Amino acid sequence: MASPRRFWLFKSEPGVFSFEDLLRARGKRTGWDGVRNYQARNLLRDDIAVGDGVLYYHSGGKAPSIVGLAKVTRAGHPDPTQFEEGSKGYDAGSDPKDPRWVQVTIQGVQALSKPLSLGDLKQERGLAGMALVQRGQRLSVQPVSVKEWRRVLQLGGVADDPTGP
DNA sequence: GCCAACGTTGGC
DNA sequence: GCCAACGTTGGC
């Protein structure tokens, strides 16, 4: 029996790569590259599977918000930018035979009818346990529980989970 | 622009 | 192995 799908929240600065950018990308897909934190890397490498659901979060700006839904279409594989000399993600210490950094591929599905700002989320009692609303939480890839996922979709005006199988 | 929180680095 | 210094994230 296949393990149940899981849910995640990915942070991105919209000025770097926004949800709109994702929807405009070829196949609405992108390699989620550039993660250079070991805890997040481990999630990408070990825990995130094809079919998992992703909340797309815009950090920074006046009202940082969850803005869209995506799904994982390819599990962890080496992040090519770690070997690109001159790129921001270049890591001279990463061995091509044993790459240090991992990406997954995600595909944009749809924007939330109602984007949910961090302020909105903090006011929801049912979401008090979300990693995102915890003080000092900086992880750019975070686990989301099924309950949190459902609540976010409900609040975001999405009736049926469009990322489902 | 400020600054709290956190992760990483490197001297010892 | 400790910990100070430094860099980054990201809300405000």
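The values are calculated or read from the model by the stated rules, or taken from the named source; none is laboratory data. Just so it is clear, the model here is predicted, and its values are computed rather than measured. Glycine gets a Cβ as well: all are built from the backbone with ideal geometry, and neighbour counts include every protein chain shown. To get the accessible areas, we keep the full protein, side chains included, count just its heavy atoms, and leave off ligands, DNA and RNA. Shrake-Rupley method; radii C 1.70, N 1.55, O 1.52, S 1.80 Å.
Only one of the numbered conditions (1) at pLDDT 95 or above; (2) more than 14 Å from DNA strand B (Cβ to nearest atom); (3) closer than 28 Å to A:Lys122 by Cα is violated by A:Pro64, and that is (2).
Which residue out of A:Lys88, A:Lys62, A:Lys71, A:Lys97 is basic (Lys, Arg), out of contact with any strand residue (DSSP E or B) (no Cβ under 8 Å at 6 or more places or on another chain) and more than 16 Å from DNA strand C (Cβ to nearest atom)? Answer to the selection: A:Lys97. Looking at the structure I just gave you, is A:Arg135 farther than 20 Å from A:Val35 by Cα, away from DNA strand C (no atom under 16 Å from the Cβ), without any contact (Cβ under 8 Å) to a residue 40 or more places away in the chain and of a type in the set (D, E, K, R)? So A:Arg135 does not fit the description; no.
With respect to (1) touching a helix residue (DSSP H, G or I) at 6+ places or on another chain (Cβ under 8 Å); (2) away from DNA strand C (no atom under 13 Å from the Cβ); (3) among the aromatic types (Phe, Trp, Tyr), the lone exception for A:Phe83 is condition (1). Residues of the stretch A:13-49 that are open to solvent by 50 Å² or more (accessible area, probe 1.4 Å) and not in a helix (DSSP H, G or I): A:Glu13, A:Pro14, A:Gly15, A:Val16, A:Phe17, A:Arg29, A:Asp33, A:Arg36, A:Asn37. Scan the stretch A:122-132 residue by residue and report those that are in contact with a helix residue (DSSP H, G or I) (Cβ under 6 Å, 6 or more places away or on another chain) and either near DNA strand C (Cβ under 9 Å from one of its atoms) or farther than 26 Å from A:Gln103 by Cβ (or both). The answer is A:Lys122, A:Gly126, A:Leu127. Among the candidates A:Arg150, A:Arg138, the residue that is at pLDDT below 95 and either open to solvent by 60 Å² or more (accessible area, probe 1.4 Å) or in a loop (DSSP other than H, G, I, E, B) (or both) is uniquely A:Arg138. For the stretch A:118-165, residues that are within 16 Å of DNA strand B (Cβ to nearest atom) and within 16 Å of the chain's Cα centre (by Cα) total 12.
Restrict the check to the stretch A:92-113 and report whether at least one residue is within 13 Å of the chain's Cα centre (by Cα), hydroxyl-bearing (Ser, Thr, Tyr) and surrounded by 13 or more Cβ atoms within 10 Å (Cβ to Cβ). For the stretch A:92-113, residues within 13 Å of the chain's Cα centre (by Cα), hydroxyl-bearing (Ser, Thr, Tyr) and surrounded by 13 or more Cβ atoms within 10 Å (Cβ to Cβ): present. Report, by residue number, each residue of the stretch A:68-91 that is open to solvent by less than 20 Å² (accessible area, probe 1.4 Å) and within 23 Å of A:Ser145 (Cα to Cα). Correct list: A:Gly68, A:Leu69, A:Ala70, A:Val72.
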